[in-house]
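The values are calculated or read from the model by the stated rules, or taken from the named source; none is laboratory data. Owing to the predicted nature of the structure, the values given are computational and were not obtained by experimental measurement. Cβ placement follows ideal geometry from the backbone for every residue including glycine, while neighbour counts extend to all protein chains displayed.
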Amino acid sequence: MSLYPPSDDFASNAHIDAATYDEMYRASVENPEAFWGEQAHRLDWITAPTKIKNTTFEYPDVSIKWFEDGELNVSANCIDRHLAERGTQTAIIWEPDSPDDEAQHITYQQLHAHVCKMANVLKDMGVSKGDRVVLYMPMIPQAAYAMLACARIGAIHSIVFAGFSPDALSDRIQGSQAKVVITADEAPRGGRNTPLKTNVDTALNKAGTDTKVLMVKRTGGDVPFQAGRDVWLHEAEDGVANSCEPEVMNAEDPLFILYTSGSTGMPKGVVHTTGGYLLYASMTHKFTFDYKDGEVFWCTADVGWVTGHSYIVYGPLANGATTVMFEGVPTYPDAGRFWAVCEKHKVAQFYTAPTAIRALMGKGDDFVKPYDLSSLRILGTVGEPINPEAWNWYNDVVGKGRCPIVDTWWQTETGGHLITPLPGAIPTKPGSATKPFFGVQPLVLDPQSAEVQTEMAAEGVLVMADSWPAQMRTVWGDHERFVKTYFSDYKGYYFTGDGCRRDEDGYYWITGRVDDVINVSGHRMGTAEVESALVAHPAVSESAVVGFPHEIKGQGIYCYVTLMEGQEATEELRTELSNHVRKEIGPIAKPDVIQWAPGLPKTRSGKIMRRILRKIAEDDYGSLGDTSTLADPSVVDDLIANRGG
Ligand code: WT7
């Protein structure tokens, strides 16, 4: 296996070299209190914390508190404290969907004014500390303003990815009892407009809450307006003060809720708090990407995902960085767009997902070649394991062999990178997320016996032995679910849901989810969610959903569907079901395969044997394993015979 060390020049100029990593890592796990107490000085506190770490993973009394007597404000840390030194520096570069439209450069001073105004508008709409605000927005600067405006007044934001359906939006509005939804008229992406405001109306009709709507004019398209409930931002901002005193927040006050899919039931609201999250987001941004003052950082994610929260908005802005916000897609107007934007804005750190790399690799090198990519220093990936072929293409064709690749493993729940190379310190291996960040203590357990694997080379499930500051604190409104999901299978540890291998050098290789969660284009989808959407259709009696290998998406969605008695299995129905799932959840949940299943393989006690369904979907039925416990083994033969159809 080839090893890619940073060049001597790179390592000697990096924030963290190999010796510093070893020293800091040791300090961080030997004495977390001292280490994090020291690191906390990176933030501006209104009241400095004296209690640093108060955490226990003991089932069922799990409790996680960091810096619990500290007070601060996230928006003041991301904006106000930079004003004296870098008020005229660009905070956000906004690159619109169409390359024919002009990019915007928003300075820290301008950011301050925009955020304060929006904060004042939210106050005027009745939002106060602790209230929830849902964001359903395009990738426009106002999305960042809205996040920071909430943080400024102590409101808790909950962003719903603009690709989610009105039904999914409605559930999340109800789940958080939001006072206000912030949206835009329409969201342009890849040359097409999504009717966000119309979707919000549909969602609110269904939710039956008395939520108000704050609307940003993006396209100027004709959209419905309900007087008394809806407010245009540009009208509301007129005459509003451009300053707003930041609210004093406790370090453990919630900053945001972000819904994510799990292995059972409906998505859960992951809760992140103020002090620990911000410190960890800013530190990982600085060290994983070796970010230096004045550089332009670009994370291509959407703010609807945690990656956008931590590495478009909070981490970079806490560090006084210049962060790029891109409204469009990698392939519009053509597959050279990412590289055109890197050249145009002289991007130094570029952070994207393996699925995007694979898709662009498939379009050929000619889309990369015309662009001057000499500004790039670091390339990052996130979301799923990266296959060596895509890694090599990224390294050779995009990075010209000069740019360390940081393969960052983390989760919505972890708030920031947990396993990742620090580029000046840790030689990389294609496909490995390498080593833990400061304070992170991964362990590999035997999945059955839960025994800690003490040999260096080991394989099993990945757990964390201790807390880190950006760990999620609870599931919104359901602490029991939090404890059960993450701390009950392997007592005393945080269970990640991932399987992994550790090699003889102590490098971690994530092998993928070990639960009923599938990873579609780096986005998490619960099989239970797709199943419940399918059975909500009147023609469907039962369904089982599994993941299968997909060339571009990493994993695709494979659905086995049993129809109601007398229901005919037609191509029209197949299309209808596919559209139905898309409508219920959103385009990312659209099934790749729907196979009619007259019966599903079940144990005698009625439990669906997903292991078998996964094997059939993977086209790997030589190794079906033990089928003797099936109530009716013949259903398996039928499924194999009709695979894919
Ligand atoms: C799951 C978390 C937080 C970033 C975006 C996804 C998988 C994430 C990697 C990586 C291998 C990865 C894991 C994890 N994953 N990054 N670098 N290598 N797998 O966030 O939706 O919360 O999903 O994504 O399976 O558990 P998410």
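Annotations for the structure displayed:
- Positions within the range 200-220 being surrounded by 15 or more Cβ atoms within 10 Å (Cβ to Cβ) and of a type outside the set (Val, Ile, Thr), in sequence order: ASP201, ALA203, LEU204, LYS206, ALA207, LYS212, LEU214, MET215, LYS217, ARG218
- For VAL461, the criteria (1) outside the structural domain of ASP302 (by the TED database); (2) within 12 Å of the ligand (Cβ to nearest atom); (3) not aromatic (Phe, Trp, Tyr) hold in every case but one, which is (1).
- The test for being assigned to a helix (DSSP H, G or I) and either within 14 Å of the ligand (Cβ to nearest atom) or over 24 Å from PHE161 (Cβ atoms) (or both) holds for THR485.
- Test: residue in the range 224-236 that is of a type outside the set (Phe, Trp, Tyr) and within 16 Å of the ligand (Cβ to nearest atom): no
- The one condition from (1) under 30 Å from ASN193 (Cβ atoms); (2) surrounded by fewer than 21 Cβ atoms within 10 Å (Cβ to Cβ) that GLU71 does not meet is (1).
- With respect to the conditions (1) in a loop (DSSP other than H, G, I, E, B); (2) within 23 Å of PHE164 (Cα to Cα), ASP238 lacks only one, and its number is (2).
- Residues in the range 509-542 that are assigned by the TED database to the domain that holds ILE588 and of a type in the set (Asp, Glu) were compared, and the one that is nearest to the ligand (Cβ to nearest atom) is GLU529.
- Unique match (being among the aromatic types (Phe, Trp, Tyr) and touching a Ser or Thr at 6+ places or on another chain (Cβ under 7 Å)) among TRP468, TRP476: TRP476
- Any chance PRO423 is assigned to a loop (DSSP other than H, G, I, E, B), within 15 Å of the ligand (Cβ to nearest atom) and modelled with pLDDT of 95 or more: yes
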